[in-house]
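Data block below; observations after.
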Amino acid sequence: MTIAIPLHLLAAVIWVGGMFFAYMSLRPVAATLFEPPVRLTMWCHVFSRFFPWVWISVVALLATGFWIIKIFGGMGAVGIHIHIMLLLGIIMILIFMHLFFSPYKKLKRAVTSEDWQAASAALNTIRHLIAINLSFGLIVVVIASGGRYL
């Protein structure tokens, strides 16, 4: 337990914090400073550095989450807030997997071929999916930190 909870929290902070930074800080600044070819190429590079950390976080969150649930006696023994957190976490993972294997792949391909219109469309889809995942992630943080008291 002394390993599972800190690893779980670190993985959540890396993923949700990274999305918050990218969406709320980096995106607005990049939109004002860079022309589309530079901005789209930059996002390709940012995602290529961030997404491996998301994959590590996904694995760590699932492994530690189920480990913690088992320690507490299984799904029947944990509160509803844990069930909600797990459900939202799985939805977030599925959204990320779609984002990674579809629009991110399109973005990389379009940037490589310098098809800036297709790259912009792919980035716009990624932006929407990250906004959804960030919203879910922030809800999960609230549920995780105060769920049993709500």
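Results, tabulated for the structure shown:
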{"quantity": "Counted residues, segment 15-36 - those being modelled with pLDDT of 95 or more and either aromatic (Phe, Trp, Tyr) or within 11 Å of the chain's Cα centre (by Cα) (or both)", "calculated": "9"}
{"quantity": "Pair list, Cβ < 7 Å and 6+ apart or interchain, from segment 103-116 residues that are touching a residue at least 12 places away in the same chain (Cβ under 8 Å) and of a type in the set (Asp, Glu) to residues that are surrounded by fewer than 15 Cβ atoms within 10 Å (Cβ to Cβ) and outside any loop (DSSP other than H, G, I, E, B)", "calculated": "none"}
{"quantity": "Hey, Thr41 at pLDDT below 95 and β-branched (Val, Ile, Thr) or not", "calculated": "no"}
{"quantity": "Failed criterion for Arg109 (all others in (1) in contact with a Pro (Cβ under 8 Å, 6 or more places away or on another chain); (2) part of a helix (DSSP H, G or I) hold)", "calculated": "(1)"}
{"quantity": "Pick from segment 99-112, criterion of a type outside the set (D, E, K, R) and within 15 Å of Arg39 (Cα to Cα), ranking: surrounded by the most Cβ atoms within 10 Å (Cβ to Cβ)", "calculated": "Leu107"}
{"quantity": "Qualifying positions in segment 28-40 - surrounded by fewer than 17 Cβ atoms within 10 Å (Cβ to Cβ) and in contact (Cβ under 8 Å) with a residue 12 or more places away in the chain", "calculated": "Ala30, Pro36, Pro37"}
{"quantity": "Leu61 without any contact (Cβ under 8 Å) to a residue 24 or more places away in the chain and over 29 Å from Arg109 (Cα atoms)", "calculated": "no"}
{"quantity": "Lone qualifier among Gly65, Gly74, Gly79 - being closer than 20 Å to Ala12 by Cα and out of contact with any Lys or Arg (no Cβ under 7 Å at 6 or more places or on another chain)", "calculated": "Gly65"}
{"quantity": "Residues satisfying the stated conditions in segment 122-131, i.e. surrounded by fewer than 15 Cβ atoms within 10 Å (Cβ to Cβ) and without any contact (Cβ under 8 Å) to a residue 40 or more places away in the chain", "calculated": "Asn124, His128"}
{"quantity": "Single residue of segment 57-98 satisfying the filter (under 23 Å from Ile132 (Cα atoms) and small (Gly, Ala, Ser)) that is surrounded by the fewest Cβ atoms within 10 Å (Cβ to Cβ)", "calculated": "Ala60"}
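The values are calculated or read from the model by the stated rules, or taken from the named source; none is laboratory data. Because the structure is a prediction, the values reported are computed rather than measured. Don't worry about glycine lacking a Cβ; one is built from the backbone with ideal geometry, like all the others, and counts go over all protein chains shown.
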